[in-house]
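These notes are about the structure you will find just below.
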Ligand code: MN
Ligand code: MN
């Protein structure tokens, strides 16, 4: 980090993530923050196109030191805010191509990518860019929903309910190491969960996680992902709407903010090659609480890399 970025007051200046420099110069960078202001594939209430901006705004108050992880990620790492992808709201294929192109430019330069969504469809082009470089990746997926539908809308293979089905179809995911955590809520029938399991997902429902306890969950994730390149995707609706109301398809009975922070911290030791944080929808937020949580989850991810 530059000293000057923390010399200013957190409410002054232009909002970049963690007050880190906005630049597209990748030379020398360790981590790039990328925004994807796209929500055209949401199935219920939209608004997460405003997610990146709101998360950046709330990230201004992230002071540098992480007391839980005992690191100063903005000092240890050179973090840049790359800005946003130029999305094409009525064209998901064009948007996904734009995301993949920017992500490829970043990861191929050896820079770790943390992406702020945007709806969950964006994980597909991000995984395409990661898998092109690394081969099929282990996947740790926090969500209330499996997102493994084959088709959410007739004839439309891409939406925020299908990214991981498509990613598996395309061979981007190592299905021996695909863990879903926090799944819950009503579905149209038992088939939704059965389909996810059939595809190879190791599903840890919210009930499982609470009954077994977070240390047991993390130990399972650790053993499944050991020695693998791991991608982490966090749908903010894994968290209870009492803590994260600003999202498009809320499901009651989720993780608390504290549990979610502990889960992310508990990924320490994994070889995490990239991550995204999606489905933060500021129009449904109150007092910024969802984006404050998202900013802090981003800080925890940066701290893991530090
Ligand atoms: Mn979800
Ligand atoms: Mn999702």
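Observations on the model:
- Going through (1) part of a loop (DSSP other than H, G, I, E, B); (2) away from ligand 2 (no atom under 16 Å from the Cβ) one by one, residue 301 falls short only on (1).
- Flag if residue 185 is more than 16 Å from ligand 2 (Cβ to nearest atom) and closer than 27 Å to residue 115 by Cβ: no
- Filter result for the condition that a residue is away from ligand 2 (no atom under 15 Å from the Cβ), modelled with pLDDT of 95 or more, in contact with a strand residue (DSSP E or B) (Cβ under 8 Å, 6 or more places away or on another chain) and farther than 17 Å from residue 48 by Cβ, over 202, 265: 202
- Restricted to the stretch 158-238, the set of helices (runs of 4 or more DSSP H) holding at least 2 residues that are free of Cβ contacts under 8 Å to residues at least 40 places away in the same chain and more than 30 Å from residue 40 (Cβ to Cβ) comprises 206-212, 214-225.
- When residues of the stretch 154-165 are limited to those that are closer than 15 Å to residue 120 by Cβ and away from ligand 2 (no atom under 13 Å from the Cβ), the one farthest from the chain's Cα centre (by Cα): 156
- Of all residues in the stretch 122-157, those satisfying the criterion of being away from ligand 1 (no atom under 16 Å from the Cβ) and over 21 Å from residue 271 (Cβ atoms) are 125, 150, 151, 153, 154, 155, 156, 157.
- Candidate set: the stretch 132-148, residues that are in a strand (DSSP E or B) and under 13 Å from the mean Cα position of the chain (by Cα); chosen: the one surrounded by the most Cβ atoms within 10 Å (Cβ to Cβ): 141
The values are calculated or read from the model by the stated rules, or taken from the named source; none is laboratory data. Given the structure is predicted, the values throughout are model-derived calculations rather than measurements. Cβ sites come from the backbone with ideal geometry, for glycine too, and all protein chains shown count toward neighbours.
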